[in-house]
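Notes for the one structure printed next.
The values are calculated or read from the model by the stated rules, or taken from the named source; none is laboratory data. Computed from a predicted model, the values in this text were never measured in an experiment. Don't worry about glycine lacking a Cβ; one is built from the backbone with ideal geometry, like all the others, and counts go over all protein chains shown.
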Ligand SMILES: Cc1ncc(COP(=O)(O)OP(=O)(O)O)c(N)n1
Ligand SMILES: Cc1ncsc1CCOP(=O)(O)O
Ligand SMILES: [Mg+2]
């Protein structure tokens, strides 16, 4: 990975994960407004009932990527390593049931971001040894977005990882909103990954700004505490 670990932590602050099935309107407009509101990283996750496939999926991905590139927001592809390589995406996010992380790292090389989902200390340790740049921990809270999500785990694992001295960049995901984002940060996450809190909002820019405000507020509080 060519960016520094501190740069990656900053990118993870407000991570929008989204595809066309998560939006009520045009996903390009949703992304435009989310970028204006201040998202720091974007993941193209085209999944679920009615999801685009083939050329239509790739066309949407390329349009979303162009918007990210125009605003300096790194563009990550969910699951589809082939697509990520073809598009020269900034990275890939994979889960425990996807292509193995060590294989993805080999295919992507050292300069792209590899993110891995993890649900236990052992999965995080394995992700690190496989070459992950960051881990996504969740679902932290109940979520209606991912039907096959694992059990809700709260912030306990994030806290445990930090107490054990693991410094890998990490985000919490699943059911995160402006109301509970602070708990995820206070547990030790570098940021939050959200789908519906932004993509399903009727005021995308304002909802994004509110999340950024909450994240800034509690980061400030953490610094004052130390
Ligand atoms: C940032 C982030 N964390 C976790 C996930 C979930 O990945 P996965 O377990 O592979 O599930 P799908 O998203 O592929 O359904 C994620 N996408 N992003
Ligand atoms: C992709 C994913 N992985 C774990 S929970 C989840 C969905 C999160 O969506 P939301 O932010 O709408 O709860
Ligand atoms: Mg996956």
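Return the residues of the stretch 180-198 that are more than 21 Å from residue 116 (Cβ to Cβ) and more than 13 Å from ligand 2 (Cβ to nearest atom); say none if nothing qualifies.
182, 183, 186, listed by residue number.
Is it true that some residue in the stretch 177-184 is away from ligand 3 (no atom under 16 Å from the Cβ), free of Cβ contacts under 8 Å to residues at least 60 places away in the same chain, surrounded by fewer than 23 Cβ atoms within 10 Å (Cβ to Cβ) and part of a helix (DSSP H, G or I)?
Yes, because at least one residue in the stretch 177-184 is away from ligand 3 (no atom under 16 Å from the Cβ), free of Cβ contacts under 8 Å to residues at least 60 places away in the same chain, surrounded by fewer than 23 Cβ atoms within 10 Å (Cβ to Cβ) and part of a helix (DSSP H, G or I).
Is there a residue being over 18 Å from the mean Cα position of the chain (by Cα) and at pLDDT 95 or above anywhere in the stretch 32-45?
Checked the stretch 32-45: no residue is over 18 Å from the mean Cα position of the chain (by Cα) and at pLDDT 95 or above.
So residue 39 fits all but one of (1) crowded, with 19+ Cβ neighbours inside 10 Å; (2) away from ligand 2 (no atom under 16 Å from the Cβ); (3) over 23 Å from residue 127 (Cα atoms); what number is the exception?
If we test residue 39 against (1) crowded, with 19+ Cβ neighbours inside 10 Å; (2) away from ligand 2 (no atom under 16 Å from the Cβ); (3) over 23 Å from residue 127 (Cα atoms), just (2) comes out false.
Considering the stretch 52-79 alone, what residues qualify as being free of Cβ contacts under 8 Å to residues at least 60 places away in the same chain, within 16 Å of ligand 3 (Cβ to nearest atom) and in contact with a strand residue (DSSP E or B) (Cβ under 8 Å, 6 or more places away or on another chain)?
Answer for the stretch 52-79, where residues must be free of Cβ contacts under 8 Å to residues at least 60 places away in the same chain, within 16 Å of ligand 3 (Cβ to nearest atom) and in contact with a strand residue (DSSP E or B) (Cβ under 8 Å, 6 or more places away or on another chain): 61, 76, 77, 79.
Can you find even one residue in the stretch 153-171 that is within 10 Å of ligand 2 (Cβ to nearest atom), over 17 Å from residue 96 (Cβ atoms) and modelled with pLDDT of 95 or more?
no
Within the stretch 122-136, track down each residue that is away from ligand 3 (no atom under 14 Å from the Cβ) and free of Cβ contacts under 8 Å to residues at least 60 places away in the same chain.
122, 124, 125, 126, 128, 129, 130, 131
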